Amino acid sequence: MTAIIDYDAGNLRSVEKALEALGEAAEVTRDKEKILAADRVILPGVGSFGDAMGRLCRYGLVETIRQVAADGTPFLGICLGLQLLFEHSEESQGVEGLGILKGEILRIPKGEGRKIPHMGWNSLKLNPKSRLFSGIRDGVYVYFVHSFYLRAEEETQVAATTEYGVPIHAAVEKDNVYACQFHPEKSGSAGLDMLRNFIAADRIRR
């Protein structure tokens, strides 16, 4: 069973429906025991970094998420869920993130003809060693909605990149922790293939 963390950040049901389409049992929950007992865990989300961290703290989920990552359980952050895995964001100065991964969350710079938020389909350049994109062709198009982007500290953790005025680290993976800035649940068959790869991910024994 996959636990989808409910912290009032939206986009939960579309992720649940995508998993159900793949035959995967999923439950939207903020129950700590259910999250810790799940076979895998997903942290979706849209909205503000600071507001989201406030809700995770309010519901007592910060240490639960850190425990899931430490336990080796496959964990996937989607969109805002990717950003929250890092230490901080330019969007919410002074707010600490989960600090599970290292890197910077930066504002997409303004530019002529560049709309912000970045909303639409962009192609990905894939790391051929990525487990998340196994069997998926390089250059695949996926769906983005965001105003901030990741610059990961460790290039070896970058699973996919894209360009939108600046180079964007669109997906990362480290051990049992995976994350993507785009929405796989809204990215057609390629997004479902990515979720299928996540469902097949092995638990990491530490």
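The values are calculated or read from the model by the stated rules, or taken from the named source; none is laboratory data. No experiment lies behind these values; they were computed from the predicted model shown. Side chains are part of the model used for accessible areas, which takes the heavy atoms of the whole protein and leaves out ligands, DNA and RNA. Shrake-Rupley method; radii C 1.70, N 1.55, O 1.52, S 1.80 Å.
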Can you tell me the Rg and the Dmax, both Å, for the Cα atoms in the stretch 71-165? 14.0, 46
Relative contact order (percent) for the stretch 1-106, with alpha-carbon contacts under 8 angstrom and 6 or more residues of separation? 25
Per residue, the convex hull enclosing the Cα atoms of the chain spans a volume in Å³ of 105
Expressed per residue, the solvent accessible area of the chain in Å² (1.4 Å probe) is about 45
Calculated [θ] (222 nm, deg cm²/dmol) that DSSP helices of n ≥ 4 give over the chain, each run adding -39,500 (n - 2.57): -7000 deg cm²/dmol
What is the pair-distance distribution P(r) of the stretch 2-53, computed from all Cα-Cα distances in 10 Å bins starting at 0, with each bin given as a whole percent? 26, 53, 20, 1
Sorted list, accessible surface of protein heavy atoms, 1.4 Å probe, largest first, for His183, His88 is His88, His183
Give the cross-link partners of Lys17 among the lysines, using a straight C-alpha distance below 23 Å as the criterion and excluding same-chain residues fewer than 8 apart. Lys32, Lys34, Lys186
With a 1.4 Å probe and all protein chains kept in place, how do Asp39, Asp71, Asp202 rank by accessible area, largest first? Asp202, Asp39, Asp71
Leaving out ligands, DNA and RNA, and with a 1.4 Å probe, what % of the accessible surface on the chain is carbon or sulfur? 47
